[in-house]
Ligand SMILES: Cc1ncc(C[n+]2csc(CCOP(=O)(O)OP(=O)(O)O)c2C)c(N)n1
Ligand SMILES: [Mg+2]
């Protein structure tokens with residue numbers, strides 16, 4: 001084990017896949033360039049000439065081309081620096097890739113990985129910031145994963161590459177610089193398994209992607225109040241690990257879902273509905289923490305109130321666990337003060353070293 | 001000709017000085033939005049917009065400052081938008097990549113590559129259906145013609161003989177990827193003639209040549225002869241996004257230096273006396289200082305995150 005960044009973990013997974021399987025190739029706008037998609041593809045083009053490549057700014061056609069390659073012996077990894085750009089290829093993903101196996105009577109499958117980055121930084125604004133996991137997870141035929149920590153990024157990406165179905169692999173921009181222990185060599189983290197990131201008995205926080213980081217911070221603060229939160233890091237959105245979630249809420253009877261996407265019709269809605277359908281008794285009404293139902297505004301003055309944080313999770317958890325209003329207010333205030341005291345803290349910068357523009 | 005030369009030069013100088021001021025101020029981290037500067041490419045905005053009337057509409061991309069200014073967009077509102085202020089042209093909600101000025105008929109710039117091309121065609125379509133005068137102009141980069149929707153839009157424009165001018169600013173790069181790694185070796189203009197419209201390639205560093213070509217196109221488009229396509233060969237002096245130059249790792253040796261010798265401003269500047277240029281600069285500097293101080297003094301927007309009226313228009317057709 002050694003500590004590497006989330007971006008390096010992704011880079012390593014691709015390097016291993018390219019090494020062990022000659023049918024793997026990596027393609028996307030900017031993939032071989034010096035910045036290498038936030039560091040996730042740096043060096044690969046040099047190591048694997050002809051198999052790690054740029055592409056025309058033609059997301060729709062290129063996705064269809066990758067579907068063709070995938071049904072005829074290749075295992076393409078497509079990369080998009082922003083999830084928003086993949087909307088240009090929604091037809092190829094939803095009508096073609098997701099349905100090919102089904103609509104021809106299971107004759108050919110589509111082993112295709114599409115990596116997408118959720119933008120967040122300096123005013124990416126309405127068209128460079130969308131977190132559309134719910135949109136993709138709605139489609140039968142697609143698998144959707146959103147690792148939160150480096151070890152899962154590597155293991156899930158290797159799983160996705162080996163999977164014989166189209167897999168949407170979603171990376172939040174604020175995770176790339178995050179470090180963590182990552183095993184060396186080849187290993188898979190199975191798609192469809194959530195991870196109990198922290199065990200607890202009082203309240204369940206189900207989190208997706210970057211919100212897992214915020215949830216862990218909130219869970220830490222809750223401990224001081226004697227509340228043991230269980231943090232379930234989803235890892236896979238579809239298929240959803242119903243068992244792990246249901247088992248946790250059966251224990252805590254309190255549920256918070258924290259997502260990086262919009263609230264309405266989102267991941268939170270699916271999870272709350274699924275737990276309710278399972279007949280689990282809620283001691284308190286469940287809470288969804290997500291983006292307000294509004295496109296992302298650009299002004300830095302609006303970033304703070306737009307993006308939910310650990311503060312929102314903390315507040316909800318305290319309320320669900322029956323703490324009085326005055327206690328809630330005090331703890332939330334202390335927590336907020338502690339975060340904003342961190343040098344370089346800003347709601348539109350992932351870390352102090354970030355100097356824009358992306 | 002002297003009068004139009006002066007107009008073109010002044011407009012280019014103004015765009016250049018605005019972009020330079022943004023580049024100077026950007027490292028202060030007050031303009032917190034991705035910002036794509038057009039230094040090196042000013043002749044195209046100036047040349048094309050000089051051939052337009054107020055009633056003509058313009059659309060653009062992520063790299064839109066020059067087009068917005070040349071069409072008459074408010075400088076104050078643009079700078080305020082970059083600062084994310086409530087007085088910005090998109091109320092601070094859009095930032096540099098989402099400029100608009102309805103008074104100037106600059107109907108919108110958006111950063112999804114090629115996304116505004118069909119919208120421009122749609123405005124041209126409505127103008128013909130409503131029998132309203134004016135043409136639509138859409139600026140876009142060389143990468144935009146790689147997107148399918150660019151061609152879907154061009155085909156329809158030719159089919160319906162719509163009053164639209166497509167202006168492709170071919171600076172040979174999409175972010176840092178050279179055009180030879182993205183497109184077959186042939187003039188982009190050939191794609192447009194393949195669709196059945198008149199197309200021409202011009203030296204995009206020569207604002208006079210751009211103006212002359214644009215004028216010719218605008219003339220026949222106004223006469224109902226259908227769309228036209230102007231490919232302008234140009235070069236971006238700064239990095240794709242942000243205030244610095246691309247490092248030597250990203251460009252072939254000598255390329256930038258070669259193109260800097262072909263700077264549209266110095267090429268045309270020879271026509272004017274030093275004193276004349278100085279007084280233009282003085283006037284523009286004053287305007288820029290005013291715009292930045294307006295932007296800095298302006299309040300930030302305050303948005304209620306539950307306010308649906310920002311997302312959906314409330315009133316109904318009466
Ligand atoms: C659909 C889509 N794909 C990718 C991007 C990312 N992107 C932003 S600008 C750009 C380069 C566009 O190049 P070009 O059209 O030549 O314009 P230039 O930047 O050279 O002015 C790319 C690929 C995007 N914004 N939209
Ligand atoms: Mg270009």
(request) All but one of (1) within 14 Å of another protein chain (Cβ to nearest Cβ); (2) more than 14 Å from ligand 1 (Cβ to nearest atom) hold for residue B:63, so report the exception by its number. (result) (2)
(request) Would you check which residues across segment B:279-310 are within 10 Å of chain A (Cβ to nearest Cβ), surrounded by fewer than 13 Cβ atoms within 10 Å (Cβ to Cβ) and at pLDDT 95 or above and list them? (result) B:299
(request) For residue B:73, indicate whether it is more than 16 Å from ligand 1 (Cβ to nearest atom), buried (at least 21 other Cβ atoms within 10 Å of the Cβ) and more than 18 Å from residue B:215 (Cα to Cα). (result) yes
(message) So, residue B:78, is that one within 14 Å of another protein chain (Cβ to nearest Cβ), under 30 Å from residue B:299 (Cβ atoms), modelled with pLDDT of 95 or more and within 15 Å of ligand 1 (Cβ to nearest atom) or not?
(response) no
(request) Would you mind listing the helices (runs of 4 or more DSSP H) fully within segment A:166-284 where at least 2 residues are in contact with a helix residue (DSSP H, G or I) (Cβ under 7 Å, 6 or more places away or on another chain) and over 30 Å from residue A:95 (Cα atoms)? (result) A:211-224, A:242-252
(request) Would you mind listing the helices (runs of 4 or more DSSP H) fully within segment A:44-159 where at least 2 residues are within 16 Å of ligand 1 (Cβ to nearest atom) and either without any contact (Cβ under 8 Å) to a residue 40 or more places away in the chain or in contact with a helix residue (DSSP H, G or I) (Cβ under 9 Å, 6 or more places away or on another chain) (or both)? (result) A:59-70
(request) Could you tell me which of the residues A:50, A:64, A:43, A:36 is away from ligand 2 (no atom under 16 Å from the Cβ), over 20 Å from residue A:168 (Cβ atoms), surrounded by fewer than 21 Cβ atoms within 10 Å (Cβ to Cβ) and within 12 Å of chain B (Cβ to nearest Cβ)? (result) A:36
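Only residues that are at positive phi and touching a helix residue (DSSP H, G or I) at 6+ places or on another chain (Cβ under 9 Å): list them for segment B:66-120, please.
Those that are at positive phi and touching a helix residue (DSSP H, G or I) at 6+ places or on another chain (Cβ under 9 Å): B:72, B:84, B:91, B:92, B:95, B:108, B:114.
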(request) Being surrounded by fewer than 23 Cβ atoms within 10 Å (Cβ to Cβ), within 14 Å of another protein chain (Cβ to nearest Cβ) and not in a helix (DSSP H, G or I) narrows it down to one of B:30, B:25, B:55, so name that one. (result) B:30
(message) I'd like the full set of residues that are within 14 Å of chain A (Cβ to nearest Cβ) and touching a helix residue (DSSP H, G or I) at 6+ places or on another chain (Cβ under 8 Å), limited to segment B:246-273.
(response) B:246
(request) Among the numbered conditions (1) modelled with pLDDT of 95 or more; (2) within 14 Å of chain A (Cβ to nearest Cβ); (3) surrounded by 19 or more Cβ atoms within 10 Å (Cβ to Cβ), tell me where residue B:184 comes up short. (result) (3)
(request) Output the strands (runs of 3 or more DSSP E) that fall wholly within segment B:163-268 and possess 3 or more residues being in contact (Cβ under 8 Å) with a residue 40 or more places away in the chain, or say none. (result) B:164-170, B:228-233
(message) Can you pull out every residue in segment A:297-344 that is under 16 Å from residue A:174 (Cβ atoms), within 14 Å of another protein chain (Cβ to nearest Cβ) and in a loop (DSSP other than H, G, I, E, B)?
(response) A:307, A:308, A:309, A:344
(request) Output the residues belonging to segment B:130-149 that are in a loop (DSSP other than H, G, I, E, B), away from ligand 1 (no atom under 12 Å from the Cβ) and touching a helix residue (DSSP H, G or I) at 6+ places or on another chain (Cβ under 9 Å). (result) B:132, B:133, B:134, B:135
(request) Return the only residue of B:99, B:107, B:37 being surrounded by 21 or more Cβ atoms within 10 Å (Cβ to Cβ) and either more than 14 Å from chain A (Cβ to nearest Cβ) or in contact (Cβ under 8 Å) with a residue 60 or more places away in the chain (or both). (result) B:37
(request) Run residue B:87 past the list (1) under 24 Å from residue B:141 (Cβ atoms); (2) touching a residue at least 40 places away in the same chain (Cβ under 8 Å) and report the number of the one that doesn't hold. (result) (1)
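Tell me yes or no: at least one residue of segment B:161-172 is under 21 Å from residue B:49 (Cα atoms) and within 11 Å of another protein chain (Cβ to nearest Cβ).
For segment B:161-172, residues under 21 Å from residue B:49 (Cα atoms) and within 11 Å of another protein chain (Cβ to nearest Cβ): absent.
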(message) Given the options B:48, B:18, name the one that is away from ligand 1 (no atom under 16 Å from the Cβ), surrounded by 24 or more Cβ atoms within 10 Å (Cβ to Cβ) and more than 14 Å from chain A (Cβ to nearest Cβ).
(response) B:18
(message) Would you confirm, using the coordinates I've provided, whether residue B:150 is facing chain A (nearest Cβ under 9 Å), over 25 Å from residue B:24 (Cβ atoms), in contact (Cβ under 8 Å) with a residue 12 or more places away in the chain and within 16 Å of ligand 2 (Cβ to nearest atom)?
(response) no
(request) Would you be able to tell me the number of residues in segment B:150-171 that are away from ligand 1 (no atom under 16 Å from the Cβ) and in contact with a strand residue (DSSP E or B) (Cβ under 6 Å, 6 or more places away or on another chain)? (result) 3
(request) Exactly one condition in (1) in a loop (DSSP other than H, G, I, E, B); (2) in contact with a strand residue (DSSP E or B) (Cβ under 7 Å, 6 or more places away or on another chain); (3) within 16 Å of ligand 2 (Cβ to nearest atom) is not met by residue B:67; state its number. (result) (1)
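The values are calculated or read from the model by the stated rules, or taken from the named source; none is laboratory data. Treat the numbers as computed from the prediction; the structure is a model and nothing was measured. Counting neighbours? That spans all protein chains shown, and the Cβs are built from the backbone with ideal geometry, glycine included.
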